[in-house]
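Asker: Provided herewith is a single structure, encoded as structure tokens, for subsequent inquiry.
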Amino acid sequence: MTLSPTSPTTSVNSAAAPPGSAEGAGLTLRDAVLGRPGAPVLSGVGLEVRPGEVLTVVGASGCGKSTLLRTLAGLLPPLGGEVTADGRPLGGPGGGRALVFQEDGLLPWRTARANVELPLAIGRVGRAERRRRAAEWLARVGLAGYEGRLPHRLSGGQRQRVQLARALAGQPRALLMDEPFGALDAQTRAGMQQLLVEVLATTRATVVFVTHDVDEALFLGDRVALLGAAPDAPVRLFAVPRPRDRAAHETPATAAVRRDLLQSLGG
Amino acid sequence: MTGRWERAYRRLLRAVSLLGFLGLWQLLTALRVRAWVHFDQLPTVVDVAREFRQRLGTGVYWQDLGDSLGRILTGFCLAAVLGVAAGVAIGRSRLAADLLGPVLELLRPIPAIALVPVAILVFPGNEQGIVFITFCAAFFPVLVSTRHAVRALTPVWEEAVLTMGGGRWRVLAQVVLPGALPGIFGGLSVGIGVAWICVISAEMISGDYGVGYRTWQDYTVVDYPGVLVGMVTIGLLGHLTSSAVELAGRRATRWLPRAEQAAERGASGRRTRGGLPFGRALAPAGAVRPGTPAGGTPVAGSAPGSAPGAESAAGDGPVTVPDSVTHGR
């Protein structure tokens with residue numbers, strides 16, 4: 001079931017994208033060494049994230065999933081090799097690549113609204129427009145009426161919704177998500193996955209979604225990237241037969257990919 | 001309604017504490033108790049109160065008070081601004097830490113009051129010298145707390161702003177300063193207390209006017225009721241200024257999750273909307289708050305007459321939809 005990175009897949013969110021939303025960024029790693037200076041975590045990484053696709057990343061804990069994501073965000077400069085966005089080397093954080101954290105990514109002294117307004121303020125959007133767009137985004141993630149709440153007065157799931165709204169309010173070309181639903185209970189997590197699918201249908205952003213949950217990876221991703229346990233193991237890519245379709249869970253094709261993924265993770 | 005009764009009860013306890021202290025003092029001095037310690041020479045509460053009332057009518061008393069307040073506010077405000085600036089610089093920049101750190105670490109152990117001889121040599125007048133000593137006293141607690149608070153900030157907050165395209169100044173203004181505020185106010189609370197000790201001591205040594213100067217003058221002429229009036233004045237002023245700092249700290253760090261903690265502590269569940277009027281404490285005394293960094297002094301202690309119990313901090317907006325409505329849809 002291992003596929004070459006160039007195998008065709010369908011990308012739902014490029015078809016239904018609204019006019020005016022930014023084209024998704026293409027992200028590429030070539031023979032990249034990732035980690036903190038003096039402490040490389042991954043080496044020889046080759047990976048191509050196509051514009052507009054949802055790529056989910058799975059791997060054993062400690063294999064460098066977060067390191068990969070922080071590198072793509074521009075927070076960790078690559079120690080070797082090449083990391084590019086649309087063919088140009090990453091020049092540090094920003095540049096339309098938003099990061100969603102597992103938890104506590106919101107600024108606790110800012111209300112939900114003020115958190116969502118932050119990327120707009122950084123992008124020099126006027127005050128009234130900022131407020132309007134923040135309200136719109138909060139409504140889109142189902143938090144209308146919660147604008148004035150501070151993060152500690154929201155539930156874990158609600159905080160992640162605000163993070164999602166905040167990340168998307170800045171109209172990023174790539175959305176990088178670091179186990180965003182990992183700290184939520186199963187029911188909330190399923191709801192958040194559905195919400196994410198709905199919200200992503202309205203953008204054309206490329207999504208890299210790190211998770212340790214194979215089912216989550218198979219539901220959300222167009223493709224699943226598997227990071228090996230060894231630091232220099234090649235990244236393996238799996239095409240998802242029917243992305244974002246709950247009914248596909250039991251189909252033989254999906255089950256085969258799941259079995260393959262679980263086997264690779266277990267071994 | 002239990003909240004109101006509990007508050008009244010706690011006010012009563014506080015009044016009993018204060019009255020008990022004054023009563024004991026009056027008893028020991030009026031009866032001229034001479035055990036191992038001697039109370040027969042100490043003025044009684046009534047003597048001190050009489051002297052206090054008499055002095056309140058004199059211009060000298062108010063001039064002393066104004067002079068001391070002016071000195072401490074000048075020194076303290078300078079210390080607050082420069083202490084926070086230096087603390088942030090040292091906490092954020094290795095260059096600043098290397099350049100400023102060694103000198104400041106050498107100066108830090110020197111008690112501010114020991115700088116009196118230096119102040120006399122360096123400054124043109126007593127006034128600047130006293131302000132300088134007050135400044136030195138308050139500067140280091142603020143510096144140290146700020147540095148700790150800045151270093152203890154969650155990296156995720158900074159990363160969030162960076163990935164949104166924010167630069168250095170954006171991170172400083174939107175993450176570092178607000179995030180360090182609980183720690184900074186811990187330092188300011190300690191600082192205002194040390195500043196009072198030092199301004200009074202400096203006035204005793206070299207002041208013209210000021211509460212410390214007057215208290216020492218009264219001592220040299222063996223006017224003990226006068227000395228005690230000075231002490232009461234210092235106590236009241238110190239309490240007033242610390243309460244002001246505490247209050248400012250609580251108002252500036254409303255976002256800290258206090259209400260839940262207070263509830264966990266079994267305090268009353270009375271809820272109040274954000275935007276409380278001045279004079280209401282938002283947290284019970286000594287509540288340990290997350291966000292106060294390790295090593296930083298938490299802003300503790302509550303103002304006199306503060307409302308005890310669980311009042312939700314800011315963010316208790318008008319919306320009271322239960323979480324279950326939208327949770328996990």
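Each value in this text was obtained by applying a stated rule to the coordinates, not by laboratory testing. Keep in mind that this is a model prediction, so the values were computed, not measured. Every residue, glycine among them, receives a Cβ derived from its backbone with ideal geometry; neighbour counts consider all protein chains shown.
Asker: Taking beta carbons within 10 Å but only from partner chains, what does the mean come to for residues A:101-108?
Answerer: Mean partner shielding for this stretch: 5.
Asker: As an exercise, find the ratio Rg/Rh for the range A:77-213 from alpha-carbon atoms, using the Kirkwood inverse-distance average for Rh.
Answerer: 0.97
Asker: Based on the Cα atoms of chain A, what semi-axes does the equivalent ellipsoid have, where each is the square root of 5 times one gyration tensor eigenvalue, given in whole Å with the largest first?
Answerer: Output for chain A: semi-axes of 29, 21, 18 Å.
Asker: Something else now. Given axes a ≥ b ≥ c from the Cα gyration tensor, I'd like to know whether the range B:198-241 is rounded (a/c under 1.5), prolate (a/b larger than b/c) or oblate.
Answerer: oblate
Asker: Still on this structure, I have one more. Summarise the partner chain shielding of A:93-99 as one whole number: the mean count of Cβ atoms from other chains within 10 Å of each residue's Cβ.
Answerer: For this peptide, the per-residue mean of nearby foreign Cβ atoms is 5.
Asker: Here's a follow-up. How large is the charge dipole for the range A:113-267, taken about the Cα centre, if only the Cβ atoms of Lys, Arg (+1) and Asp, Glu (-1) carry charge, to the nearest 20 debye?
Answerer: 840 debye
Asker: Report the one residue of B:ALA97, B:GLY230, B:VAL116 whose Cα lies farthest in the direction of the positive end of the charge dipole of the range B:95-238 (charges on C-beta: Lys and Arg +1, Asp and Glu -1; origin at the Cα centre).
Answerer: Towards the positive end, the residue furthest out is B:ALA97.
Asker: Sticking with this one: Count the net charge of all other residues whose Cβ sits under 12 Å from the Cβ of A:ARG131, scoring Lys and Arg as +1 and Asp and Glu as -1.
Answerer: Charge balance in the 12 Å sphere: +1.
Asker: Still on this model: How big is the shadow of the Cα convex hull of the range A:101-171, averaged over all directions, in nm²?
Answerer: About 4.1 nm², averaged over all directions.
Asker: Let me ask you something else. Taking only Cα atoms and a 10 Å spring cutoff, compute GNM fluctuations for chain A and point out the largest among A:LEU42, A:LEU218, A:LEU107.
Answerer: A:LEU107
Asker: Another question about this same structure. Which FRET efficiency, nearest 0.05, do B:VAL33 and B:LEU73 yield, Cβ-Cβ r, R0 41 Å?
Answerer: That gives a FRET efficiency of 0.50.
Asker: Among A:ALA186, A:ALA112, A:ALA225, which one shows the highest mean-square fluctuation when chain A is modelled as a Gaussian network with alpha-carbon springs under 10 Å?
Answerer: Maximum fluctuation in the GNM of chain A, among the listed residues, is at A:ALA186.
Asker: Tell me the net charge near A:ALA183. Cut-off is 14 Å between Cβ atoms, A:ALA183 excluded, with +1 for each Lys or Arg and -1 for each Asp or Glu.
Answerer: The answer is -4.
Asker: Let me have the 222 nm mean residue ellipticity of chain A computed from DSSP H runs of 4+ only, each contributing -39500 (n - 2.57), with the sum over all residues rounded to the nearest 500.
Answerer: Helices in chain A give a 222 nm mean residue ellipticity of -10000 deg cm²/dmol.
Asker: Using per-residue counts of other Cβ atoms within 10 Å, averaged over each peptide, order B:200-207, A:34-41, B:29-36 from highest down.
Answerer: Going by the mean number of other Cβ atoms within 10 Å, highest first, we get B:200-207, A:34-41, B:29-36.
Asker: Per 5 Å bin, what percent of the C-alpha pairs of the range B:63-252 does each bin hold, from zero upward?
Answerer: 1, 8, 15, 17, 16, 14, 10, 7, 5, 3, 2, 1, 0, 0
Asker: Can you check what the net charge comes to around A:LEU218, using other residues whose Cβ is under 12 Å from the Cβ of A:LEU218 (Lys, Arg +1; Asp, Glu -1)?
Answerer: Spelling it out: positives minus negatives among the neighbours equals -1.
Asker: If you average over every viewing direction, what projected area does the convex hull of the Cα atoms of the range A:16-113 give, in nm²?
Answerer: Projected over every direction and averaged, the Cα hull of the range A:16-113 covers 8.3 nm².
Asker: Right, another one. Looking only at other chains, what is the average number of their beta-carbon atoms within 10 angstrom of each beta-carbon in A:145-151?
Answerer: Going residue by residue through A:145-151 and averaging, the value is 6.
Asker: If you average the sequence gap of Cα pairs under 8 Å that are 6 or more apart and divide by the length of chain A, what percent do you get for the contact order?
Answerer: Contact order relative to length: 28 percent.
Asker: If you don't mind, there's one more thing I want to ask. State the Cα centre-to-centre distance between the range B:40-72 and the range A:212-265 in whole Å.
Answerer: 80 Å
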